[in-house]
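K.L.:
Let me give you the structure first, and then I'll get to my questions.
The values are calculated or read from the model by the stated rules, or taken from the named source; none is laboratory data. What you are looking at is a predicted structure, and each value in this text was computed from that prediction instead of being measured. Methodologically, a virtual Cβ is constructed for each residue, glycine included, from the backbone with ideal geometry; neighbour enumeration extends over all protein chains shown. What goes into the accessible areas is simple: the full protein's heavy atoms, side chains included, and nothing from ligands, DNA or RNA. Shrake-Rupley method; radii C 1.70, N 1.55, O 1.52, S 1.80 Å.
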Protein chains: 2
Amino acid sequence: MGQTKYAMGIDFGTESGRALLVRVGDGEEVASSVYEYKDGVIDEFLPGTHIKLEADWALQNPADYMETLKRTIPELLEKSGVNPQDVIGIGIDFTSCTMMPIDKEGTPLCLIDKYKNNPHSWVKLWKHHAAQPEADRINQVASERKEKFLARYGGKYSSEWFYSKALQILDEAPQIYEAADKLIEAADWIVLQLTGKERRNSCTAGYKALWDHDTGFPSQDYFRALDPRFEKVVDEKMPRNIYLLGTRAGGLTQEMARLTGLRERTPVAVGNVDAHVSVPAATITQPGKMLMVMGTSICHMMVDKELHLIPGACGIVKEGILPGYYGYEAGQSGVGDIFAWFVENCVPSKYFEEANKKGVNIHHLLEEKASLLKVGESGLLALDWWNGNRSVLVDADLSGLLLGCTLETKPEEIYRALIEATAFGTYKIINTFQENEVKIEELYACGGLPERNKLLMQIYADVTGRTIKVAASSQAPAFGSAMFGTVAARRENGGYDSIMEAAKNMAHLRRECFVPDGENHRGYERIYREYERLHDYFGRGENNVMKWLKKLRNK
Amino acid sequence: MGQTKYAMGIDFGTESGRALLVRVGDGEEVASSVYEYKDGVIDEFLPGTHIKLEADWALQNPADYMETLKRTIPELLEKSGVNPQDVIGIGIDFTSCTMMPIDKEGTPLCLIDKYKNNPHSWVKLWKHHAAQPEADRINQVASERKEKFLARYGGKYSSEWFYSKALQILDEAPQIYEAADKLIEAADWIVLQLTGKERRNSCTAGYKALWDHDTGFPSQDYFRALDPRFEKVVDEKMPRNIYLLGTRAGGLTQEMARLTGLRERTPVAVGNVDAHVSVPAATITQPGKMLMVMGTSICHMMVDKELHLIPGACGIVKEGILPGYYGYEAGQSGVGDIFAWFVENCVPSKYFEEANKKGVNIHHLLEEKASLLKVGESGLLALDWWNGNRSVLVDADLSGLLLGCTLETKPEEIYRALIEATAFGTYKIINTFQENEVKIEELYACGGLPERNKLLMQIYADVTGRTIKVAASSQAPAFGSAMFGTVAARRENGGYDSIMEAAKNMAHLRRECFVPDGENHRGYERIYREYERLHDYFGRGENNVMKWLKKLRNK
């Protein structure tokens, strides 16, 4: 004893898997390793074939997940020189809902010759959007039957979630549905691979599969109403036992120990979801603090002691984020994506030339120019719906709006207006939480944007009138997973007894935080009222021109 | 006799003067010549000084006008080899309201040492926008006094017009106002220079100085209410005699004959305005046909036998365009300007590279890509108010809007949406005329855009559901001025007795015209209803966010 202990977190993302080795005592990040998936996002052809996928499909290859383990874990050990005996626990997190059909042995059907040419045998990635008809059915039937669960999901079950994807398999490839011993979240599958134990976690079960801590899954009646063959989907394709976050799923199998170089029986925590696992990584262990996971989109995560049915929140799940709390999730479907679109499609070459000359990247140049503008100086106002609106309107068919253009409007003014629009979007979510009695006193941030774009962070602070603290780790999901790994190990093995305790010892914030400027906040408050008015006018049915145009476009 | 006769038209524009020599018998364009003004638009410093102009000022140097005559007329004669004896008449047209103070001899005060350092002694160009406070006063007093004339000007007198500029001189430089023997439109001043006769024309008097054919100028009471010193502005600074278009102002003076190489006493027509003089140049001599003068902005010109007070028309003037008719003018304040803004500020470098590779200009490339899109395919809808709205809302404080953006939106889609928005703007004007009993059966076009952008013309035809014919002359104003030159000469001197007769013989259309596609028109009809709804929502007071943002920006 007395030997320094470590935990490992592995974050399975959209394009790559990322592993992090963290010192248990103080959260020091000792080593990290990334594996870019060989097959990445599969959205054109099944790998190595001419089998073409339809529009809106997005698959992954589970072999890439295994390869991530095989490549990154040994690299962490090698880079750090840490003795595998001192790695006390492992946690993993995944994109979600990313799910697949497996056989009795846990082998994904897509890795079995008999099934591999059927696209439905593959992993359906979170952003597989081809199950919209199934999602529509799920919502319609739930609404007809007045199912209570819908209210915990912003009134709308998403095409991205578990039963939409499962029903699509049943609808389009009943033989695959039939052949599947189980349908499983990739997060739970990877834990099954690591430990040999199927231990479904309360986060994906709650947020994606309608599981509730107190009442369990929806009724068989409901599932039968969707499709008679779907009646027993829970009992036939997924167990009813759900394990709370932080639970030890099991120990590393002999085979996985051999594959990774870790010791056999190393404790492995049940799976988790990238955004959710970031909450304690950002030091949040109590109500009143909202985490923004800021990247291409924003996930807004927080916990509260009480259940408040907030309209437009994407999910409210007891035991979904932290033990003893209701976990709240909301989101904006386009943020960094919008700025990337803007830079790709709307920035003139002279700006790239100027950036080149200054030796800075184009986002940096735009930020520099935009930061010279005062609140309201651009005369522009935008609605940030380039990728629809997830919260609080839950409507994918809304679209972006830019208002106030003149012949003098400059690219940096539009860039700033787009940043402000996404900040107003976040402020709308915050206000909706507050109006529904979930107080938000402070904001926390993690993800790619806070490090790259200080102007954006300051605008978020000014718009929301709230201080924003930033997670110290630039890899918050993997860090949070490592924290859950220490909880799986428990104190007797050098870990912690709770995620709260782990957070207290391991999680840190960056020294720098973003403090709102009072005058800017007052200026933005007034502009936000105009944003809100347009938000309601175009978003709540008074003028449905956006939806009408989208329908026309897709005709 | 029997010798071929010619007429000369000179068009004084914003950046240059342009002269055209035209064969009287059939309108063949024999030679043209352009002089770029040495001092161009003066908007920073008075020429050759460090005297700085305030924001929104725009001046010209009348020496540039004289230089235009001196350079272009001899060049026309030389290029064409035409005998000056065979040039039977001259017509001129000008931007308007472009006005200046002159002394008793007709010398502009800015050319007199004593006054030249005062910016108010210079020519105020049409786009001098610094007289907004004066325009506001003119409107407020007219409205309080329930003056009837306002209704003929869309309910609003512009800061660009004659009394706004005259009042600004009185307000800010009373000594200049005092020193001025006359305040005169440049169009009338150049005629004064050519002939030695002050012959104010009915077009600028009517459209810019509130002169009415039947009732004359506004009352002295009204002018006194603006400022006691302004009571006798008409009698003191401008004569009450107004000459109808086509009148012979006089013959070329000996000095001007020497300067230009033309013969003394060559008939000169009274002055005219560029857009108005283009109407007969585009073959229009009767009601039912609307001319669009299409360039950075659009002027919509037409005539009717009756007076209909059309809300939002910029001017309705009896004898203002063609003899015996009410002339109607409406306009869109931003068209080509918006596309230029877009290309300058919003088109990414890869598009310029592609255009380069193909050896086409960027507008051409965008047009090519945009022409592949079907009606409604972009999913976008814009309000074309980048430069405010002239007709029918008459509100410079409105601004541009783009709606329907997604992460898939492409530059050519925005480009097309902007074209469509300007077409909807024209359609709104057409419909407003129609609703007020001025029928519009056909559209005619002249100016720079019809030659350069066929997609735009086709979209205008499809949106409006009307065939668009295009003037053959690419220099319609100078051409129309030459036509009025033949009328000043009259038939006994080889010219024509009326502009109608001149049009019949001289004016031509291009063979190609733009015929609306029925299906596209029906598609656009539906989208136009959405345009109209946004137009009214943001433009008629229901949501004043655009004006509010502009006020905030200008704070």
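K.L.:
For the condition open to solvent by 10 Å² or more (accessible area, probe 1.4 Å) and either within 27 Å of B:Trp548 (Cβ to Cβ) or more than 12 Å from chain A (Cβ to nearest Cβ) (or both), what is the one hit in B:Leu322, B:Leu373, B:Leu402?
P.N.:
None of the others qualify; the one that does is B:Leu402.
K.L.:
Pick out the one residue from B:Arg258, B:Arg265, B:Arg240 that is in contact with a strand residue (DSSP E or B) (Cβ under 6 Å, 6 or more places away or on another chain) and either surrounded by fewer than 24 Cβ atoms within 10 Å (Cβ to Cβ) or of a type in the set (Ser, Thr, Tyr) (or both).
P.N.:
Sole residue among the options that is in contact with a strand residue (DSSP E or B) (Cβ under 6 Å, 6 or more places away or on another chain) and either surrounded by fewer than 24 Cβ atoms within 10 Å (Cβ to Cβ) or of a type in the set (Ser, Thr, Tyr) (or both): B:Arg265.
K.L.:
Out of all the residues in segment A:405-436, which are more than 30 Å from A:Met302 (Cβ to Cβ), open to solvent by 20 Å² or more (accessible area, probe 1.4 Å) and either within 9 Å of chain B (Cβ to nearest Cβ) or under 25 Å from the mean Cα position of the chain (by Cα) (or both)?
P.N.:
A:Leu407, A:Glu408, A:Lys410
K.L.:
How about segment B:376-399: which of its residues are crowded, with 20+ Cβ neighbours inside 10 Å and more than 27 Å from the chain's Cα centre (by Cα)?
P.N.:
The answer is B:Gly376, B:Ser378, B:Gly379, B:Leu380, B:Leu381.
K.L.:
Could you list, in sequence order, the residues of segment A:470-495 that are surrounded by fewer than 24 Cβ atoms within 10 Å (Cβ to Cβ) and not small (Gly, Ala, Ser)?
P.N.:
A:Gln475, A:Arg490, A:Arg491, A:Glu492, A:Asn493
K.L.:
Go through (1) within 14 Å of another protein chain (Cβ to nearest Cβ); (2) open to solvent by 10 Å² or more (accessible area, probe 1.4 Å); (3) within 26 Å of B:Cys446 (Cα to Cα) for B:Gly334 and report which single condition fails.
P.N.:
(2)
K.L.:
Name the residue that is most open to solvent (accessible area, probe 1.4 Å), counting only residues in segment A:22-63 that are part of a loop (DSSP other than H, G, I, E, B) and among the polar types (S, T, N, Q).
P.N.:
Of everything passing the filter in segment A:22-63, A:Thr49 is most open to solvent (accessible area, probe 1.4 Å).
K.L.:
Could you tell me which residue of segment B:64-121 is most open to solvent (accessible area, probe 1.4 Å), considering only residues that are of a type in the set (A, V, I, L, M, F, W, C) and in a helix (DSSP H, G or I)?
P.N.:
B:Leu111
K.L.:
Restricting the search to segment A:524-555, which residues are facing another protein chain (nearest Cβ under 10 Å), under 19 Å from A:Ile429 (Cα atoms) and of a type outside the set (Lys, Arg)?
P.N.:
Matches in segment A:524-555: A:Ile527, A:Glu530, A:Tyr531, A:Leu534, A:Tyr537, A:Phe538.
K.L.:
Which of the numbered conditions does A:Glu15 fail, given that it passes all the others? Conditions: (1) open to solvent by 60 Å² or more (accessible area, probe 1.4 Å); (2) in contact with a Gly (Cβ under 7 Å, 6 or more places away or on another chain); (3) closer than 18 Å to A:Phe484 by Cα.
P.N.:
Unmet condition: (3).
K.L.:
So is B:Val303 farther than 30 Å from B:Trp386 by Cβ and at pLDDT 95 or above or not?
P.N.:
For B:Val303, the condition - farther than 30 Å from B:Trp386 by Cβ and at pLDDT 95 or above - is not met.
K.L.:
In segment B:293-351, which residues are more than 14 Å from the chain's Cα centre (by Cα), among the hydrophobic types (A, V, I, L, M, F, W, C) and under 30 Å from A:Val343 (Cβ atoms)?
P.N.:
B:Ile338, B:Phe339, B:Ala340, B:Trp341, B:Phe342, B:Val343, B:Cys346, B:Val347
K.L.:
Considering only residues of segment A:511-523 that are loosely packed, with under 15 Cβ neighbours inside 10 Å and either in contact with a Leu (Cβ under 9 Å, 6 or more places away or on another chain) or not in a helix (DSSP H, G or I) (or both), which is nearest to the other protein chains (Cβ to nearest Cβ)?
P.N.:
Residue satisfying both the conditions and the ranking: A:Val515.
K.L.:
Looking for whichever is outside any strand (DSSP E or B), more than 12 Å from chain B (Cβ to nearest Cβ) and either closer than 23 Å to A:Ile430 by Cβ or touching a His at 6+ places or on another chain (Cβ under 7 Å) (or both) here; the options are A:Val360, A:Val392. Which one fits?
P.N.:
Result: A:Val392 is the single residue among A:Val360, A:Val392 that is outside any strand (DSSP E or B), more than 12 Å from chain B (Cβ to nearest Cβ) and either closer than 23 Å to A:Ile430 by Cβ or touching a His at 6+ places or on another chain (Cβ under 7 Å) (or both).
K.L.:
Continuing with the same structure: Which residue pairs have Cβ atoms under 6 Å apart, sit 6 or more places apart or on different chains, and have a first residue in segment A:537-554 that is touching a residue at least 40 places away in the same chain (Cβ under 8 Å) and a second that is of a type in the set (Ser, Thr, Tyr)?
P.N.:
Cβ pairs passing all conditions: A:Met546/A:Ser399.
K.L.:
Does segment A:215-226 contain any residue that is assigned to a helix (DSSP H, G or I) and of a type in the set (Ser, Thr, Tyr)?
P.N.:
yes
K.L.:
Within segment B:129-161, how many residues turn out to be over 18 Å from B:Gly331 (Cα atoms) and not aliphatic (A, V, I, L, M)?
P.N.:
Qualifying residue count for the region: 14.
K.L.:
Can I ask one more? Could you give every pair whose Cβ atoms fall below 6 Å, whose first residue belongs to segment A:157-172 and is open to solvent by 10 Å² or more (accessible area, probe 1.4 Å), and whose second residue is modelled with pLDDT of 95 or more and among the basic types (Lys, Arg), counting only separations of at least 6 or pairs across chains?
P.N.:
Matching pairs, first to second residue: A:Trp161/A:Lys208.
K.L.:
Going by what's in this entry, would A:Glu368 be described as more than 14 Å from chain B (Cβ to nearest Cβ), in a helix (DSSP H, G or I) and either at pLDDT 95 or above or under 30 Å from A:Val303 (Cα atoms) (or both)?
P.N.:
In short, yes.
K.L.:
Right, A:Gly447: of a type outside the set (D, E, K, R), away from every other protein chain (no Cβ under 14 Å) and open to solvent by 10 Å² or more (accessible area, probe 1.4 Å) or not?
P.N.:
yes
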